[in-house]
Amino acid sequence: MSPHRAEERAVISTPRRRAGWRRAPIALAAAAAVTLGLTSVVAPPTASAAPDGAKATRPSDPNRVGLPGLTGDSHVVTLPTGDRITLTGGAGHYTVQATAAPGTDSVVTVHATTTPAGVTDHITADTSDTWSLVRTGIVDRNLFDVTWLMAHGDTTPAATLPITIRYSASTATAAAARHAEALPGATVTHASGRTVSVAVPARKAAAFWRGLTGRAEADGAVPVEQLAGGAVRVWPTGHRSTAARPAATGSDGAPLFTVTVVEKKSKGGFTAGCYRSGANCIGPVYLSRINSRSFDSYQPLGAACVDEACTQVVWKFSVPAGTYEADGSYTQHVGNRRHYGTLVDPEFAVAGDTTTVLDADRVVPLGVDTPRPTEAYSQNFSAGRTTIDGAYGAGLTFPSYGTVLEWLPTTSPVTFGTFHVSTLWQLGTPSLTMKVTAPTKLALHAFYPHAYETVPGDPFTRFDGRQALQVVDAGVGDQADFDRIDARGKLALVRARNGFAGPTRDDYAAASAAGAAGILIDPTNTEDPSLSAEIPVFLPWGGLCDTLPCAYASEIPSASISVAEAAQVRKLLAGGPVTVAVADGGATPYLYNLRFTDEGGFHRTGRYSVTDPELTRVTERYHAPGGSISTDWSAFRPNENLVTGIGYYRRPAPATTRMYYGPATPDQVWTRSAAGTRANAGPTAEFTRDVFTPGVRETDWLGALAAPATIAPPTDVYAAQPEGKWTDSPTGMVCSLCRTGDWFFPYADMVPGAAPRDWGVQAFDAGSMHLYRSDGTEVPLTTHSYADAYQLPPEKRKYRFTASVNGIASEWTFTSARPGDGDYPTGYECLDWAVAQDERCAANPILFLRYDGHTDVHDSVTASAGHTVTITPTHQLDPGAVARLRSLKVWTSVDGGKSWTTAALSRDHAGVYTAHYRVPAKARTGGYVSIRAVATDTAGATLTQTLTDPIAVS
């Protein structure tokens with residue numbers, strides 16, 4: 001634990017009380033390159049135990065993320081660079097993703113520690129765009145202390161980042177505050193001489209960082225001494241780090257030894273500039289002791305090149321004896337493609353001065369072969385391990401679309417704890433193909449800014465089907481260039497002006513006004529070709545519309561090619577007309593979601609393959625008519641708590657896709673989610689967990705007939721990873737309308753009857769919740785910690801609860817008393833973790849109904865025909881069983897509830913009901929079908945529920 005941790009704990013603020021509690025929806029974020037490393041970086045030597053007053057976690061929750069300010073299931077932190085880190089999932093089983101700041105593709109590195117009890121207690125980060133600035137001391141590493149950022153304000157876009165800037169002695173004292181105030185988004189909160197503190201809204205962090213640093217890192221071949229306005233130091237206000245320095249002995253008096261980590265790259269060497277052609281931009285090196293009770297990590301004392309070509313970089317550490325892991329990385333700019341390499345020596349002993357080598361000359365590129373043609377839409381890898389005492393850590397890396405991923409094969413054996421490497425892939429049909437067809441044939445490797453489909457309002461547009469387009473040279477793409485050419489219906493070849501980004505907003509507007517059919521981006525920097533842009537070239541206003549506000553949406557498609565290919569096209573243009581065949585891949589009919597794991601280290605050649613018998617083929621139907629859907633996936637093995645996630649975003653809905661999951665293994669638990677919007681309705685989301693076996697399945701997502709209910713237990717998940725992995729710790733499956741101590745929490749998941757293991761975000765409409773005693777008096781709604789709650793007497797009494805959500809009005813009657821020795825159902829979580837961890841929780845005897853309307857993906861049924869609704873009664877008391885009813889009545893309405901028709905009912909041997917109804921001619925309906933049900937169970941609990949217009953009439 002670092003010496004500054006005590007200070008950090010001292011400044012942690014108490015989270016604000018909130019008027020209501022709701023589970024945060026899953027954050028579907030475009031994956032930038034992100035790495036989650038094993039440990040938090042500390043100055044040598046590590047020593048102290050957990051400080052007094054650190055918040056405890058309840059013993060029954062061994063895998064909880066024990067971080068201040070964390071509530072709900074999705075936690076988003078914005079770094080000062082504008083990059084965002086997202087932790088998603090049930091506590092103890094978190095998926096990590098990242099979103100690059102608009103217009104960037106930086107590599108974000110996140111470092112996490114997990115105690116032997118499985119509690120994640122500290123997370124830090126760094127980014128490739130700031131590597132050299134941190135190494136030179138201009139930017140303080142604590143600016144990327146994720147734990148500290150979580151503790152300051154909400155982990156939402158409304159967060160405000162406290163930052164302090166010190167200006168050089170040559171800056172006039174009176175001018176320092178003016179320089180700081182001039183930075184985008186910055187508000188000066190305090191000024192003392194040349195030291196100025198500012199507050200920066202998280203939503204403006206990217207603009208602030210660009211204003212402060214400019215091209216300092218991009219031009220990093222020349223050492224940077226100061227930033228905009230003469231700034232020479234930047235740190236988080238009140239949280240400045242202490243520089244590492246050598247020590248004679250550790251805190252326990254044990255001798256310290258010098259460890260030398262040598263990073264080797266004989267071809268090209270290492271440079272400070274990340275964007276120069278052929279440059280190998282070296283990242284930080286971390287050293288972690290793995291034979292201790294938890295991961296002890298050490299900050300390097302310094303680094304230096306051993307020769308003029310910098311083919312080797314030597315990092316020095318001062319550490320006690322033990323067994324260690326060394327982690328390094330680099331990015332390389334080759335042929336305008338980014339290569340990201342991970343260098344790991346998973347185990348070596350230190351009993352005296354020691355040297356280990358991370359040989360980048362030995363890296364292998366990663367790839368996967370599939371039965372059908374594919375390209376990688378997303379790819380990431382992770383390195384996870386446990387110590388001998390059970391502490392857990394994971395290294396998670398998410399490269400940007402188009403990045404070539406590389407890994408150093410493991411050579412030394414692992415004898416302490418466990419070590420494994422996993423790669424997660426999402427592959428689909430190629431997004432775009434281009435080739436010159438005249439005057440000669442020439443293949444072009446063209447890239448969109450990202451591989452996803454687009455919907456109206458997205459920041460970029462794709463080409464329309466197959467086209468043959470004549471190419472025209474549009475210079476740098478400004479208005480003057482388009483004024484001098486006829487670009488109507490042609491493909492405009494546009495050179496990147498500054499070498500780091502593509503055409504500007506004005507350039508896109510000029511191309512659109514000129515009638516161009518599209519833009520072909522030439523990344524060549526005419527002033528310095530070694531600084532040409534990487535491909536894919538990202539839009540300078542960047543970001544996906546469902547994760548970041550779209551500052552600008554282009555009406556014209558664009559794609560980028562390499563410098564070499566652009567030079568060939570220009571050479572052909574010098575001789576006459578050039579025609580390019582363009583083919584957009586359209587909506588991919590299938591997606592591969594694959595995860596491969598190597599235990600003991602990375603020993604492969606880097607090439608994976610799968611066959612159909614190893615996969616589960618799932619036909620997934622996404623409803624949400626008239627809107628869009630975004631999907632995420634991740635997978636956990638038994639020795640993992642933190643894993644990488646992968647997603648496919650903003651797909652027009654409704655849609656049907658063949659998904660291939662695998663290779664299917666009996667102990668790998670997949671977590672899946674889908675979120676979206678539907679026409680004339682709000683956002684919707686669903687989550688599920690699965691264990692896949694080879695074969696064929698079908699799944700429906702985001703159907704309209706989801707109602708407040710309880711989730712069917714995933715018994716196969718419990719069997720796949722037993723010993724409490726998914727049952728003893730919270731899993732995100734929340735106990736519906738349950739009670740903790742004397743507090744009743746008005747919470748129930750939205751569960752679709754067609755997929756009872758799926759659950760969705762639920763928050764009853766404000767003002768619709770009312771709880772009444774048996775005499776008709778209302779119990780006041782209050783707030784207990786983070787949650788809406790009702791305080792009840794301990795005695796068993798009868799109650800009536802009414803609430804509405806998404807057009808569903810419900811009225812329950814039930815009995816409730818203070819919980820005794822009985823526990824809540826296995827695998828479910830009560831809200832006591834947010835209230836009082838020492839109080840017992842139990843399910844109330846409340847009745848729920850799940851509905852399956854057997855609709856199509858448009859959530860519709862045909863007119864002039866008979867239809868059915870399957871109704872399954874359930875209890876949270878036994879969510880895996882069908883509840884027995886004393887009575888059930890069902891009505892349907894086709895005029896918005898003005899009149900109701902009784903539905904005929906049948907019941908099967910398990911107690912599941914089928915309601916039979918008929919829809920008249922469409923002209924005789926209001927266009928929708930409503931459902932009303934009144935049910936009473938054998939214990940006397942009742943439910944009256946009306947679903948208004950959930951089914952459309954086609």
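Conditions tested, residue by residue: (1) more than 29 Å from His623 (Cα to Cα); (2) buried (at least 19 other Cβ atoms within 10 Å of the Cβ); (3) modelled with pLDDT of 95 or more.
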position: Ser785; (1), (2), (3): yes, no, no
position: Asn806; (1), (2), (3): no, yes, no
position: Ala809; (1), (2), (3): no, no, yes
position: Asp823; (1), (2), (3): yes, no, no
position: Thr826; (1), (2), (3): yes, no, no
position: Glu829; (1), (2), (3): no, yes, no
position: Asp832; (1), (2), (3): yes, yes, no
position: Gln837; (1), (2), (3): yes, no, no
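Could you list all residues from the stretch 627-654 that are among the basic types (Lys, Arg) and either in a loop (DSSP other than H, G, I, E, B) or over 21 Å from Asp859 (Cβ atoms) (or both)?
Hit for the stretch 627-654 is Arg637, nothing else.
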Can you find a residue that is hydroxyl-bearing (Ser, Thr, Tyr), assigned by TED's automatic domain parsing to the domain that holds Ala394, surrounded by 21 or more Cβ atoms within 10 Å (Cβ to Cβ) and assigned to a loop (DSSP other than H, G, I, E, B) anywhere in the stretch 136-148? no
Given the conditions (1) at pLDDT 95 or above; (2) out of contact with any Leu (no Cβ under 7 Å at 6 or more places or on another chain); (3) in a strand (DSSP E or B), every one holds for Ala180 apart from (3)
Filter result for the condition that a residue is among the charged types (D, E, K, R), more than 20 Å from Val643 (Cβ to Cβ), in contact with a Phe, Trp or Tyr (Cβ under 7 Å, 6 or more places away or on another chain) and surrounded by fewer than 24 Cβ atoms within 10 Å (Cβ to Cβ), over Arg678, Arg672, Arg658, Arg697: Arg658
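Within the stretch 697-714, can one find any residue that is at positive phi, under 24 Å from the mean Cα position of the chain (by Cα) and in contact (Cβ under 8 Å) with a residue 40 or more places away in the chain? Working first, answer last.
Of the residues in the stretch 697-714, the ones at positive phi are 702.
If we keep only those that are under 24 Å from the mean Cα position of the chain (by Cα) as well, we get 702.
From what's left, in contact (Cβ under 8 Å) with a residue 40 or more places away in the chain: 702.
There is at least one residue in the stretch 697-714 that is at positive phi, under 24 Å from the mean Cα position of the chain (by Cα) and in contact (Cβ under 8 Å) with a residue 40 or more places away in the chain.
For the stretch 872-907, give me each residue that is charged (D, E, K, R) and farther than 17 Å from Ala843 by Cβ. Walk me through how you get there before you give the answer.
Here is the first cut: in the stretch 872-907, the residues charged (D, E, K, R) are 878, 884, 886, 889, 895, 898, 907.
Passing the criteria: Arg886, Lys889, Asp895, Lys898, Arg907.
Quickly run through the stretch 665-674 and pick out the residues that are among the hydrophobic types (A, V, I, L, M, F, W, C) and over 15 Å from Gln721 (Cβ atoms).
Within the stretch 665-674, Ala674 is the sole residue that qualifies.
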What's the number of the only condition in (1) closer than 22 Å to Ser132 by Cα; (2) at pLDDT below 90; (3) surrounded by fewer than 21 Cβ atoms within 10 Å (Cβ to Cβ); (4) in contact with a strand residue (DSSP E or B) (Cβ under 7 Å, 6 or more places away or on another chain) that Lys316 fails to meet? (2)
Could you check the stretch 705-717 and list, in sequence order, the residues that are farther than 12 Å from Arg850 by Cα and surrounded by 15 or more Cβ atoms within 10 Å (Cβ to Cβ)? Pro713, Pro714, Asp716, Val717
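Give the residue, chosen from Thr868, Thr892, Thr914, that is in a strand (DSSP E or B), without any contact (Cβ under 8 Å) to a residue 60 or more places away in the chain, over 22 Å from Ala748 (Cα atoms) and within 39 Å of the chain's Cα centre (by Cα).
Values: Thr892 fails: within 39 Å of the chain's Cα centre (by Cα); Thr914 fails: within 39 Å of the chain's Cα centre (by Cα).
After ruling out the rest, the residue left standing is Thr868.
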For the stretch 383-439, which fully contained strands (runs of 3 or more DSSP E) count at least 2 residues that are of a type in the set (Ser, Thr, Tyr) and in contact with a Lys or Arg (Cβ under 7 Å, 6 or more places away or on another chain)? 418-428
Among (1) part of a loop (DSSP other than H, G, I, E, B); (2) free of Cβ contacts under 8 Å to residues at least 12 places away in the same chain, which single condition is Gly477 missing? (2)
Yes or no: the stretch 344-356 includes at least one residue that is in contact with a His (Cβ under 9 Å, 6 or more places away or on another chain) and part of a strand (DSSP E or B). no
Only residues in the stretch 296-321 that are without any contact (Cβ under 8 Å) to a residue 60 or more places away in the chain count as the first member; pair them with residues that are loosely packed, with under 14 Cβ neighbours inside 10 Å and of a type in the set (S, T, N, Q), Cβ under 8 angstrom, at least 6 apart or cross-chain, and list the lot. Thr311/Ser266; Val314/Thr260; Trp315/Thr260; Lys316/Thr260
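Could you list all residues from the stretch 754-806 that are charged (D, E, K, R) and in contact (Cβ under 8 Å) with a residue 40 or more places away in the chain? Outline the logic, then answer.
We begin by selecting, within the stretch 754-806, every residue charged (D, E, K, R); these are 757-758, 765, 773, 775, 778, 788, 795-798, 800.
Arg757, Asp758, Asp765, Asp788 - these are the residues of the stretch 754-806 that are charged (D, E, K, R) and in contact (Cβ under 8 Å) with a residue 40 or more places away in the chain.
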Could you count how many residues in the stretch 696-719 are over 25 Å from Ser628 (Cα atoms) and of a type outside the set (A, V, I, L, M)? 6
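Yes or no, residue by residue, for (1) more than 23 Å from Gln97 (Cα to Cα); (2) of a type outside the set (Lys, Arg); (3) in contact with a Gly (Cβ under 9 Å, 6 or more places away or on another chain); (4) in the same structural domain as Pro756 (by TED's automatic domain parsing):
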position	(1), (2), (3), (4)
Glu640	no, yes, yes, no
Gly645	no, yes, yes, no
Glu686	no, yes, yes, no
Arg689	no, no, yes, no
Glu698	yes, yes, no, no
Ala709	yes, yes, yes, no
Ala719	yes, yes, no, no
Considering only the stretch 932-954, state which residues are within 20 Å of Val912 (Cβ to Cβ), of a type in the set (Gly, Ala, Ser) and in a strand (DSSP E or B). Ala933, Ala935
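Would you check which residues across the stretch 619-665 are among the hydrophobic types (A, V, I, L, M, F, W, C) and under 12 Å from Leu702 (Cβ atoms) and list them?
First, pick out the residues of the stretch 619-665 that are among the hydrophobic types (A, V, I, L, M, F, W, C): 624, 629, 633, 635-636, 642-643, 646, 653, 655, 659, 664.
Listed by number, the residues that qualify are Ala624, Ile629, Ala653, Ala655.
The values are calculated or read from the model by the stated rules, or taken from the named source; none is laboratory data. Computed from a predicted structure; not experimentally measured. Cβ atoms come from the backbone with ideal geometry, glycine included; neighbour counts cover every protein chain shown.
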